[in-house]
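Heads up, the thing below is written out as structure tokens.
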Amino acid sequence: MSKTTNPQPISSRQRCPTAKGLESVAPLVSSVAENTHPIATTIKGTIPTWINGSFLRNGPGKFEFGQDKYTHWFDGMALMHRFHISDGMVTYSSRFLQSDSYVCNSAKNRIVVSEFGTLAVPDPCKNIFARFFSRFQIPKATDNANVHFVKYKGDFYVSTETNYMRRIDPQTLDTKEKVDWSQYIAINAATAHPHYDRQGATYNMGNSYGKGGFFYNIIRVPPPQETGAREDCADLHGAQVICSIRASQPRKPSYYHSFVMSENYIVFVEQPIKLDLLKFMLHRVQGKSFHKVMTWEPQYDTIFHLVDRHTGKESEVKYRAAPMFTLHQINAFEDNGLLVMDMCCGDDGEVIGDFTLENLRQKEMDKFYNTLCRNLPRRYVLPLNINKQTLQDQDLVTSSNYTATAKMTKPGEVYLTHEELHNDELLQYGGLEFPQINYEHYNGRPYRYFYSCGFGHVFSDSLLKMDVHTKELKVWRYAGLFPSEPVFVASPEATEEDDGVVLSVIITPREDKSTFLLVLDAKTFTELGRAEVPVNIPYGTHGIFNPLA
């Protein structure tokens with residue numbers, strides 16, 4: 001595979017078609033009732049009998065209390081969903097997370113806890129002086145964990161991007177105790193996208209800041225104890241920070257949503273979405289919500305920080321690339337002295353603040369959609385064996401398997417250019433996000449397939465299967481149907497990477513109570529069956545499959 005010099009880049013948004021005539025998705029961001037008792041579903045087609053477990057999903061499900069309304073989609077109260085699959089049958093249940101935020105808001109029947117895009121209004125019952133001085137109090141972080149289900153030491157938690165999680169019973173969706181990361185290790189926040197190794201340890205990243213500066217911390221939580229009975233309580237004991245990475249701009253640290261992990265390395269992507277710490281300290285006084293302190297600053301390069309996962313030692317080499325925006329990584333693996341990293345990337349990081357409920361509830365969606373970034377799959381390749389003998393200005397990616405390049409521009413600094421991990425066919429689907437792989441067997445290892453959502457609309461309107469060897473696509477797409485993040489479940493008799501099924505929850509704004517769980521054959525990407533459930537489900541975020549032993 002010969003290498004060519006990249007032409008003047010065209011932004012990912014410019015490369016995708018302009019949308020016309022997009023339908024309203026307002027019903028997908030409306031409050032719904034919870035269904036605490038399992039509901040039977042109607043099966044169409046066949047649900048394979050070998051699927052035995054629960055598909056758990058999370059996301060915003062309530063957008064107002066009394067007369068108070070949230071302004072941003074990320075602010076909705078966490079609603080947990082469970083599709084229980086057994087012997088070819090499916091039941092559905094859902095519960096609101098009983099977070100402090102939810103309980104306090106419900107008790108007052110108004111918004112009393114600030115969220116990402118909504119600032120809580122001071123209590124009108126307080127006198128004018130108390131309301132004034134409340135502006136100068138740093139707001140307590142929310143425990144409205146509406147992003148993901150995660151696992152630590154065998155326990156399930158729901159998580160957002162603050163220092164609080166909630167332990168969850170995955171069978172009943174009961175809310176258990178609140179867990180504060182800072183009670184175990186010195187961090188102020190953690191992501192909702194940890195990684196898991198094959199020994200059962202969990203890795204994550206969290207921030208810390210103080211007089212010494214701002215740091216991005218890599219966290220390791222050990223595997224669960226294999227011997228002895230354990231109490232029914234949260235257990236993060238043994239958690240430790242294995243590496244602290246100093247922010248390149250101490251007063252403007254980078255926002256991040258996830259990170260990269262291979263067999264032997266962790267890579268933190270320091271991207272030019274910046275948090276202005278001065279604005280962060282003043283945002284309460286100024287009456288601004290948290291998302292107002294985030295800015296896209298493309299004058300800064302993207303920096304890849306390479307860390308040995310086993311020793312916690314950070315490489316002295318700094319890997320740089322052109323400014324880009326990434327939320328989710330696809331996979332990473334090592335190949336003869338190279339670290340190959342695949343991720344969903346865009347060229348405009350202003351997207352996060354745009355998902356206000358006002359924008360999402362417009363009748364005319366075209367204008368809003370056409371301003372959004374389109375994320376496309378890219379491959380970056382880091383040469384691992386950099387030393388004093390490494391020559392400058394020569395391509396260090398010597399393998400013909402990759403068209404990405406890496407050149408040492410000065411001692412201790414390598415500049416990367418990416419390979420497009422797709423062909424032009426993907427552009428008609430609006431790029432992709434929410435990537436998933438056969439995680440259990442291929443995370444951190446060479447792989448061939450990933451599954452994702454296509455974004456031909458503000459919310460995903462297709463399911464995609466990508467072959468990273470050939471860059472060929474398989475597509476599931478029907479007008480008016482909006483799928484959730486696809487989750488792969490391997491067949492118990494699997495002999496190949498894509499032997500299994502893909503699960504996705506399909507919702508529509510066109511017809512009331514017309515949700516269904518879709519089951520696709522992962523190899524052919526054709527429908528095997530669906531489980532129709534007569535409820536409305538809002539558009540959600542992330543989920544996992546919990547197999548029953």
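Does any residue of the stretch 201-210 turn out to be within 30 Å of residue 349 (Cα to Cα), in a loop (DSSP other than H, G, I, E, B) and at pLDDT below 95? No: zero hits. Of all residues in the stretch 176-196, how many are part of a strand (DSSP E or B), within 21 Å of residue 103 (Cβ to Cβ) and open to solvent by 20 Å² or more (accessible area, probe 1.4 Å)? Final tally of qualifying residues: 4. Working only within the stretch 52-70, note down all residues that are buried (at least 17 other Cβ atoms within 10 Å of the Cβ), more than 17 Å from residue 100 (Cα to Cα) and touching an Asp or Glu at 6+ places or on another chain (Cβ under 9 Å). Result: 57, single match. Within the stretch 104-154, the set of residues being surrounded by 14 or more Cβ atoms within 10 Å (Cβ to Cβ), polar (S, T, N, Q), at pLDDT 70 or above and over 23 Å from the mean Cα position of the chain (by Cα) comprises 105, 106.
When 236, 173 are screened for being hydrophobic (A, V, I, L, M, F, W, C) and surrounded by 21 or more Cβ atoms within 10 Å (Cβ to Cβ), only 173 passes.
Please work out which residue is most open to solvent (accessible area, probe 1.4 Å), limiting yourself to the stretch 385-412 and to residues that are among the charged types (D, E, K, R), at pLDDT below 95 and within 18 Å of residue 315 (Cβ to Cβ). It comes out as 388.
Might you let me know whether the stretch 369-377 holds any residue that is in contact with a Pro (Cβ under 6 Å, 6 or more places away or on another chain) and either touching a residue at least 60 places away in the same chain (Cβ under 8 Å) or in a loop (DSSP other than H, G, I, E, B) (or both)? No - not one qualifying residue is present in the stretch 369-377. Looking across the stretch 457-493 at every residue that is among the acidic types (Asp, Glu) and part of a loop (DSSP other than H, G, I, E, B), the one that is surrounded by the fewest Cβ atoms within 10 Å (Cβ to Cβ) is identified as 493.
Among the residues of the stretch 459-493, those that are of a type in the set (S, T, N, Q), without any contact (Cβ under 8 Å) to a residue 40 or more places away in the chain and within 21 Å of residue 328 (Cβ to Cβ) comprise 460, 462.
The values are calculated or read from the model by the stated rules, or taken from the named source; none is laboratory data. Since this is a predicted model, take the numbers as computed values, not measurements. No Cβ is skipped: glycine too gets one built from the backbone with ideal geometry, and neighbour counts run over all protein chains shown. Note: accessible area is taken over every heavy atom of the protein model, side chains too, but ligands, DNA and RNA are not part of it. Shrake-Rupley method; radii C 1.70, N 1.55, O 1.52, S 1.80 Å.
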